[in-house]
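Asks: Input: one structure, supplied below.
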Amino acid sequence: MLPTCINPLGEANKKWPPMMWLNTDRFLYLGVIGQPAERCFGALALYLSLQGAHRIRIGDKGSDWQSAKFSIVQPWCKHWLAFDERSIGCLLLLEPETLKFSALPAPLQQPSGAVQAGELAQKMHAALELLRTVGACRYASNDEFDRAFFGEPLAARRLDVRVQKVLERLKASPNITLSAEECAEQACLSTSRFLHLFKAEVGAPFRSYRAWHRARSLLYHLKEQTSLTDFALNYGYPDATHFSHSIRRFAGFTPKAIHSGSRKVALFVAGDTASCRA
């Protein structure tokens, strides 16, 4: 998600003003990356260094660091990331249930870690250069976003219609307390059969998927003045402590740090009529 801080000073930031764009299936962050921290996204993550290189470590603290200009992390894979203090980086998150992995560009099918992806990295860099020139993120759909960064729409996964309906409901209202029993009833399945089908189709357990999208929804509200405690309660967390632990488990940073780091970031949300959320 977002770094611990955004430094608006320096030549790097003049060239690459920090910005973020998201919808329910895609996420883009451009800016200074914070200090190393363990993170575990429920999405396919792509990291691109726009100055120098970054370092990435897959798995536990005992694993080796790799140096890279471009790296990927497969969904639900724990990893550590380190950029130089003032280095500008780009992070893309692609929700895996929207992707047919066997049809993705070859670099995106590689194991987590540093990846040689010259042509793909060049396409992403060109898309970011265009954003810098235009000064705004506006993508009407997943396909439009994919064309900008990958040259063509990424192949979509075909899901069981019963699971697809549940996903749409969870994404539309990530704050609702939707139980597996309710979803199973909606799908006309037993709870055990529904949970088995969900994991087989989506690639993640129901509870993990629900927790990821609930945590991800914080990004839509970074510019609001709502207290983090109120947000936690409004989005189905039992208390602020549980909320903070959940966010940190996925993003590597606390909600407070993410909220603080977003102050200088231009936030663009798909469907907004305004140019950005101040």
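All of the numbers you see were taken from the coordinates with simple rules; none came from a lab. On a predicted model such as this, the values are computed, not experimentally measured, just so you know. Using ideal geometry, Cβ is built from the backbone for each residue, glycine included, and neighbour counts are taken over all protein chains shown.
Asks: Give the angle, between 0 and 90 degrees and rounded to the nearest 10, that separates the Cα long axis of helix 191-202 from the longest principal axis of the Cα atoms of the chain.
Replies: Long axis of 191-202 versus the principal axis of the chain: about 30 degrees.
Asks: Using packing as a proxy for protection, rank 228-235, 73-80 so that the peptide with the highest average count of other Cβ atoms within 10 Å comes first.
Replies: Ranking, from highest mean packing down: 73-80, 228-235.
Asks: Using a Gaussian network model of the chain whose springs link C-alpha atoms within less than 10 Å, name the residue from Ile176, Ile58, Ile258 with the highest mean-square fluctuation.
Replies: Ile176
Asks: Now, a different point. What are the ³J(HN,Hα) values, in whole Hz, obtained from phi via the Karplus relation 6.51 cos²θ - 1.76 cosθ + 1.60 with θ = phi - 60°, for each residue of region 119-125 in sequence order, with x given for Gly and Pro?
Replies: Per-residue couplings from phi come out as 5, 5, 4, 5, 4, 5, 4 Hz.
Asks: Which angle from 0 to 90°, rounded to the nearest 10, does the C-alpha axis of helix 206-216 make with the longest principal axis of the chain?
Replies: For helix 206-216, the angle is close to 40 degrees.
Asks: Given Lys61/Lys199; Lys78/Lys165; Lys78/Lys199; Lys15/Lys171; Lys223/Lys256; Lys100/Lys199, which pairs have Cα atoms separated by over 23 Å?
Replies: With Cα atoms farther than 23 Å apart: Lys61/Lys199; Lys78/Lys165; Lys15/Lys171.
Asks: Which whole-number percentage describes the relative contact order of region 161-256, with Cα contacts under 8 Å and a sequence gap of 6 or more?
Replies: Contact order relative to length: 23 percent.
Asks: Separate question: Note down the nm distance, to one decimal, between modelled labels 7 Å out along Cα→Cβ at Arg169 and at Ser260.
Replies: That separation, rounded to one decimal, is 4.0 nm.
Asks: For the chain, take the alpha-carbon Rg, divide it by the Kirkwood Rh, and send me Rg/Rh.
Replies: The Rg/Rh ratio comes out at 0.95.
Asks: Angle, helix 161-172 long axis vs. longest principal axis of the chain, Cα atoms, 0 to 90°, nearest 10?
Replies: Here the helix axis deviates by roughly 60 degrees.
Asks: With +1 on the Cβ of every Lys and Arg and -1 on the Cβ of every Asp and Glu, and nothing else charged, how large is the dipole of region 161-256 about its Cα centre, in debye rounded to the nearest 20?
Replies: The calculated dipole for region 161-256 is roughly 320 debye.
Asks: Arrange Ser192, Ser179 by Cβ neighbour counts within 10 Å, fewest through most, would you?
Replies: Listing Ser192, Ser179 from fewest to most nearby Cβ atoms yields Ser192, Ser179.
Asks: Further question: Of His221, His54, His196, how do they rank once you tally other Cβ atoms within 10 Å and put the fewest first?
Replies: Neighbour counts put them in this order, fewest first: His196, His221, His54.
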